[in-house]
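Read the structure below first, then the notes.
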Amino acid sequence: MYPKEEESETKINDMSDYTNLLENVKKELKKTKKKLDQTDTELKRSRELIKEKELTLKELKQKYHSHINKLNLQINKLSSDLYEMGYLNHKGRTIKQRLETKFYMVYLLTKKKNRGIKNAIINIRGYRAIKNKQLLDIGYYLKNNPDVRSSGDDPIMQYIYYGYKEGRKPNQNFDGDYYIKENADLKNLNINPLIHYGLYGIKEGRKTINKSQTKQK
């Protein structure tokens, strides 16, 4: 065989080897691409499963918190009812305190903290309005004010003379400080905000609380 023929044959063999190698590389690349596609599909499915699990977990948390909130509301209501029942049955109240409640008009007329007969009459009318319209939630007030509860005092009288000045709330939907701030005409009247609401504010449609800050207790 001539040298040129040998050289040519060598080149042909080299080309053949190169072609085979190229084909093998292509096959491997194809396999790799297929695996990558499978991996992408699996990753996509995994992401979808994670989102589904996260959504399920979120729903479970919402249901859990909803149940807890409902349970807390029920417990608070039962506690309030229990305290109110105890008060109405005169639990922890002296005979003097019972008589003050029964004959509230006499007590309010002779109360030293009154600023004259006119003020005493307003307080009597206010007491009657608060009681008849149930503007002071006895259970709520006693539950949130343990010192009033343990004193045995009439909660309406306590709120009329002391409670509103101390920032106490007669019910969860009435804020005395907010009522006075919201109604500038009351600032110089020196009247208990709940008494004013019971005698005039209800008919006038006055606001009693900042709704964005309302919190169940």
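List of remarks:
- Cα gyration tensor, region 150-217 - rounded (a/c under 1.5), prolate or oblate: oblate
- Largest mean-square fluctuation among Leu88, Leu55, Leu36, in a Gaussian network model of the chain whose springs join Cα atoms under 10 Å apart, belongs to Leu36.
- Shown in residue order for region 30-38 are the 3J(HN,Hα) couplings computed by the Karplus curve 6.51 cos²θ - 1.76 cosθ + 1.60 at θ = phi - 60°: 5, 5, 4, 4, 5, 5, 5, 4, 5 Hz (x for Gly and Pro).
- Efficiency of FRET between Arg206 and Ser79 - r from beta-carbon atoms, R0 25 angstrom, step 0.05: 0.25
- ³J(HN,Hα) computed for each position of region 51-63 - Karplus, 6.51 cos²θ - 1.76 cosθ + 1.60, integer Hz, glycine/proline x: 4, 4, 5, 4, 5, 4, 5, 4, 5, 5, 5, 5, 5
- Put a dot 7 Å past the Cα of Tyr178, heading toward its Cβ, do the same for Leu60, and the two dots end up 3.7 nm apart.
- Cross-link pairs Lys112/Lys169; Lys77/Lys112; Lys58/Lys143; Lys63/Lys91; Lys58/Lys181; Lys34/Lys61 - those with Cα-Cα distance over 32 Å: Lys77/Lys112; Lys58/Lys143; Lys63/Lys91; Lys58/Lys181; Lys34/Lys61
- Using the rule -39500 (n - 2.57) for each DSSP H run of four or more residues, divided by the residues of the chain, the 222 nm mean residue ellipticity is -22000 deg cm²/dmol.
- Computed magnitude of the charge dipole of the chain (debye, nearest 20; Cβ of K, R +1, Cβ of D, E -1): 2460
- Of the solvent-accessible surface of the chain, computed with a 1.4 Å probe and all protein chains present, 56% belongs to carbon and sulfur.
- Pairwise FRET efficiency - Leu36 versus Lys70, Cβ, R0 = 41 Å, nearest 0.05: 0.20
- GNM remark for the chain: springs join alpha carbons under 10 Å apart, and the peak mean-square fluctuation among Lys133, Lys34, Lys63 falls on Lys34.
- Remark: region 201-211, residue by residue, has Karplus-estimated 3J(HN,Hα) of x, 4, 5, 8, x, 6, 6, 10, 7, 7, 4 Hz, where x stands for each Gly or Pro and the curve is 6.51 cos²θ - 1.76 cosθ + 1.60 at θ = phi - 60°.
- Taking a ≥ b ≥ c as the square roots of the Cα gyration tensor eigenvalues, region 99-217 comes out oblate, since a/c reaches at least 1.5 and a/b does not exceed b/c.
- Computed over region 30-189, Cα set: Rg, Dmax in Å: 28.6, 102
- Residue of Asn72, Asn188, Asn20 that the Gaussian network model of the chain assigns the largest fluctuation, springs spanning Cα pairs under 10 Å: Asn20
- Accessible surface, per residue, of the chain when the full set of protein chains is kept, probe 1.4 Å, Å²: 74
- Near the amide H of Asn171, within less than 5 Å, lie the amide hydrogens of Asp137, all on another chain or at least 5 residues away, with H placed in the peptide plane.
The values are calculated or read from the model by the stated rules, or taken from the named source; none is laboratory data. Source: prediction; values computed, not measured. Here the Cβ is made from the backbone with ideal geometry for all residues, glycine too, and neighbour counts use every protein chain on show. Side chains included, ligands, DNA and RNA excluded: accessible areas come from the protein's heavy atoms. Shrake-Rupley method; radii C 1.70, N 1.55, O 1.52, S 1.80 Å.
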